[in-house]
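FYI, it's all coordinate maths here, none of it is from the lab. Because the structure is a prediction, the values reported are computed rather than measured. Using ideal geometry, Cβ is built from the backbone for each residue, glycine included, and neighbour counts are taken over all protein chains shown.
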Amino acid sequence: MSIQETVKKKLSFFGGFVLTTKHLTRPRVTRQYPLEKKPKQPRQHGRHVLNRYEDGMEKCIGCELCAGVCPADCIYVRGLDNPPDHPVSPGERYGYVYEINYLRCIHCDMCVEACPTQAITESKLFEFSFTNRNDAIYTKAELVVDDNGMPQKLPWEDWREGEDLMISGWMRATSPAGNADFEGVTQWSGELGYGVRAAEGGQSGLRDDEATHTKPIREVLEGHLLAADIPAEHKGMKGRIWRAKISAERNKAKMQDLKQRRKDAKAAKKLAS
Ligand code: SF4
Ligand code: SF4
């Protein structure tokens, strides 16, 4: 065996460090949960809220459609005729009992889809736990939004900044029947504290990213499209370069985020000492 080969063999164990070394410079993907949280998706299905109209009236008309459609049988609703002198909802009836059992709910959102008045929607909050069964059954008093149209924050729930916004965000998709004429067309009523919410983008250019925080479906779900529907510049070598650029941009943003978080942590440590 030559000297070169001997040296190479002796140093071959360094090869095992290549992968480790590569990862030293890559952005860290783990977070110090629950101190640090990732931003949630616009259509996150969290715990429900009962919405009110802009004038403060409740949207629920006690029709029980949500209870009927719920596959987990976790909603209990009872409707009652509105008192003529102080109506609770603009309809004939209102929901005077409304309960959701979160020991059963699977957050499928079928109740949200079934509701004819957009009374029941979901917030982005999913971090809540209970120590007894009673706490797991949310009553109407807990579900209905407050006087500013915001969800009520119960003691065992871990709300963070922004999680109480966009509580009806996910249902604002347009063109429910697939008719492009209805894309971007608002088909829902206003909400207390927010007014009429902007339409979520469909597949056309009729969209408002600022208001809805959504991305064109073609950008997000290209992998699910038929080959004929994928733009030419996203195919073959061109596509590889395009993807590499996006990935590089994403990594750059992650690195910047990491640097910022380190900087913030240092500043917080300095303040504390
Ligand atoms: S999200 Fe699904 S399981 Fe939960 S209450 Fe609504 S319909 Fe029932
Ligand atoms: S939340 Fe909607 S579907 Fe359920 S009872 Fe009220 S109005 Fe009807």
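Things worth noting here:
- Residues of segment 228-259 falling in the label zone of Q32, defined by backbone nitrogen less than 17 Å from a point 7 Å along Cα to beta-carbon, are 257-259.
- As a rough guide to protection, the peptides 72-80, 132-140, 27-35 ranked by mean Cβ packing within 10 Å, highest first, stand as 72-80, 132-140, 27-35.
- Relative packing of peptides 59-65, 17-23 - highest average C-beta neighbours within 10 Å first: 59-65, 17-23
- Two-decimal ratio, segment 48-167, of alpha-carbon radius of gyration to 2.2 N^0.38 Å: 1.02
- Within straight-line reach of K10, meaning a Cα separation under 25 Å, sit the following lysines at least 8 residues removed in sequence or on another chain: K22.
- The distance from the alpha carbon centre of segment 87-155 to that of segment 5-22 is 59 Å, rounded to a whole number.
- Projecting label points 7 angstrom from Cα along Cα→Cβ for K9 and K22 puts them 2.8 nm apart.
- Computed E for Q41/D85 - FRET, C-beta separation, R0 30 angstrom, nearest 0.05: 0.10
- The charge dipole of segment 48-167, taken about the Cα centre with unit charges on the Cβ atoms of Lys, Arg (+1) and Asp, Glu (-1), comes to about 320 debye, rounded to the nearest 20.
- Within segment 9-40, backbone nitrogen closer than 15 Å to the virtual label 7 Å beyond the Cα of R160 toward Cβ: 29-40
- With the charge dipole of segment 48-167 set up from +1 on Lys and Arg Cβ and -1 on Asp and Glu Cβ about the Cα centre, the Cα lying farthest toward the positive end among the listed residues G149, G56, M110 is that of M110.
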